[in-house]
Ligand SMILES: [Zn+2]
């Protein structure tokens with residue numbers, strides 16, 4: 001179990017023992033944060049016939065036995081009182097949720113609980129979300145709905161407000177790296193400064209574990225920094241934003257790290273990249289990311305172009321200010 005999940009396990013253990021477990025729980029966290037791991041631990045605990053207490057460093061946590069009938073059925077994915085709802089294409093449709101709703105209406109076969117696990121809950125269509133809303137408003141007895149998402153902003157606020165939200169925040173920096181044996185340390189040096197390593201998080205694991213992605217990141221970073229310094233490489237950046245699934249995240253991350261380096265007073269050779277300037281660029285990127293995420297593929301080119309134009313406007317203004325001073 002990832003060390004940052006322990007606090008959540010403790011809380012959920014207490015709620016389970018005290019019969020105060022919420023009917024609907026939403027685990028929110030980036031990919032790799034351990035949402036599914038935590039959800040499966042909880043589902044096992046709910047259904048195990050011989051759960052016992054295990055003392056961890058920070059305190060007691062309940063644990064399923066792994067051997068009773070329920071545990072064995074769960075292990076073989078044949079437990080009749082659990083329904084795992086997974087998006088078939090890229091979205092969860094209303095039929096999937098209706099099926100889950102009627103599943104929850106029936107009484108449990110084996111254990112006390114009926115549970116529904118909804119992965120990638122942010123992919124629910126509007127109709128699906130509305131169908132779920134009814135069930136969340138009038139939960140049946142001993143039903144537990146667990147939703148997982150890596151993007152809570154894409155969920156209807158009415159769904160979120162009817163769930164107990166557990167935000168899973170993985171460690172960052174060195175503590176994270178110590179818990180991630182798959183990190184390839186030789187990939188750090190070229191693309192990451194000491195400052196950016198101090199803030200490294202799970203979203204950056206692709207470039208810390210994969211040589212090809214790391215090289216693409218290094219190339220993108222060089223290109224982007226040149227752009228901020230006045231080189232006209234807009235079309236190259238745009239191609240990256242459109243074709244590389246990581247590019248948008250990189251844009252945000254590199255800007256944040258440049259800002260952090262400013263505050264740490266290192267890497268200060270270019271006066272054009274002032275913290276004020278970087279802050280403006282960062283705001284433009286954050287707004288752009290929000291818009292891009294909410295658009296369909298057909299509009300992506302347009303909104304990415306818009307983002308580049310907005311950043312270019314900030315750069316041009318900085319250059320004008322520079323000449324005047
Ligand atoms: Zn068991």
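The values are calculated or read from the model by the stated rules, or taken from the named source; none is laboratory data. Nothing here was measured: the structure is a model prediction, and the numbers come from that model. We place every Cβ from the backbone using ideal geometry, glycine too, and count neighbours over all the protein chains shown.
See the values below:
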read-out	value
Filtered residue count, the stretch 45-60, keeping only those that are more than 7 Å from the ligand (Cβ to nearest atom) and under 18 Å from residue 144 (Cβ atoms)	3
Filtered residue count, the stretch 96-129, keeping only those that are over 29 Å from residue 48 (Cβ atoms) and in contact with a strand residue (DSSP E or B) (Cβ under 9 Å, 6 or more places away or on another chain)	6
Every pair of residues 6+ apart whose Cβ atoms lie under 7 Å, when the first sits in the stretch 42-71 and is under 18 Å from residue 108 (Cα atoms) and in the same structural domain as residue 12 (by TED's automatic domain parsing) while the second is within 6 Å of the ligand (Cβ to nearest atom) and in a helix (DSSP H, G or I)	44/71; 47/70; 48/70; 48/71; 49/70
Counted residues, the stretch 65-84 - those being within 13 Å of residue 49 (Cβ to Cβ) and more than 13 Å from the ligand (Cβ to nearest atom)	1
Meets criteria (loosely packed, with under 15 Cβ neighbours inside 10 Å and away from the ligand (no atom under 16 Å from the Cβ)) for residue 87	no
Those strands (runs of 3 or more DSSP E) lying entirely in the stretch 1-85 with at least 3 residues closer than 26 Å to residue 180 by Cβ	24-28
Helices (runs of 4 or more DSSP H) within the stretch 130-194 that include 3 or more residues in contact (Cβ under 8 Å) with a residue 24 or more places away in the chain	157-161, 173-178
